[in-house]
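Right, one structure below, let's go through it.
Derivation of every value follows stated rules applied to the coordinates shown; laboratory data play no part. Because the structure is a prediction, the values reported are computed rather than measured. Cβ atoms come from the backbone with ideal geometry, glycine included; neighbour counts cover every protein chain shown.
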Amino acid sequence: MSRIGKKPVPVPAAITATVDGQTVKMKGAKGELSFTLPEVLKVEKTAEGIEITLGEDTKQARSMWGMSRSMVQNLITGVSEGYTHTLEIHGVGFKAALKGKDVLTMSIGFSHDVVHQIPPGVEVKVGGAKQEVVTVSGIDKQLVGQVAADIRASRKPEPYQGKGVRFKGEHVFRKEGKKK
């Protein structure tokens, strides 16, 4: 039995939740999101919130039970509060700049600028004294996390001097350089 899956997902009063077959739709102050559950699960709206139960007792159904409940919870958090990832750029002369609202240009030590297209539904801000802080925010947890991971992957922090793009609060294991 999934300890997470058997708990109902409480729906706050400010959010409108609808269940149509296997699709759960949430509408809140920040926007609207939906998630389609696998066919091996049952979903229904009750007085306690949204309850997800097993349609059939198989290994596949049990493995998707808790994940589906978490996805529904992420919809509620997304339309009410939203999600944010903050990235820091470390290195001499490394910086980021926005061109319009959908293009992020980063100068991170290559012979060319690294350009990222920002998908709709995600907002990117550049701040800091030297334009070294990039904030990615939006209502879709998966999309915000993927955009932040793509930005970080353009130049991962290296272990000798720590230069590169990292998440705020991320610890970079530093190595000792050569000794004479």
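Brief remarks follow.
- Where the Cα pairs of the range 16-80 fall when distances are cut into 10 Å bins, in %: 23, 54, 20, 3
- Note on the range 16-80: Lys pairs 8 or more places apart or on different chains, Cα atoms under 19 Å apart, count 4.
- Cα-based equivalent ellipsoid of the range 83-167: semi-axis lengths in Å, sorted from largest, via gyration tensor: 20, 14, 11
- Taking 0.36 nm per residue of separation and subtracting the current Cα-Cα distance, fully stretching the chain between residue 133 and residue 110 would add 6.4 nm.
- The range 1-46 and the range 48-84 have their alpha-carbon centroids 7 Å apart.
- Longest exposed-site-free window of the chain, the sites being GluC sites (Glu not before Pro) in a DSSP loop that have at most 13 other C-beta atoms within 10 Å: 82-169
- Gain in span if fully extended, residue 27 to residue 158, counting 0.36 nm per residue against the direct Cα distance: 43.0 nm
- Cross-link pairs beyond the 32 Å C-alpha cut-off, checked among 7/141; 7/125; 156/179; 99/179; 156/180; 99/168: 7/125; 99/179
- Choice from 63, 34, 137 with maximal GNM fluctuation in the chain (Cα, 10 Å cutoff): 63
- P(r), alpha carbons of the chain - 5 Å bins starting at zero, rounded %: 1, 8, 14, 15, 13, 11, 10, 10, 9, 6, 3, 1, 0, 0, 0
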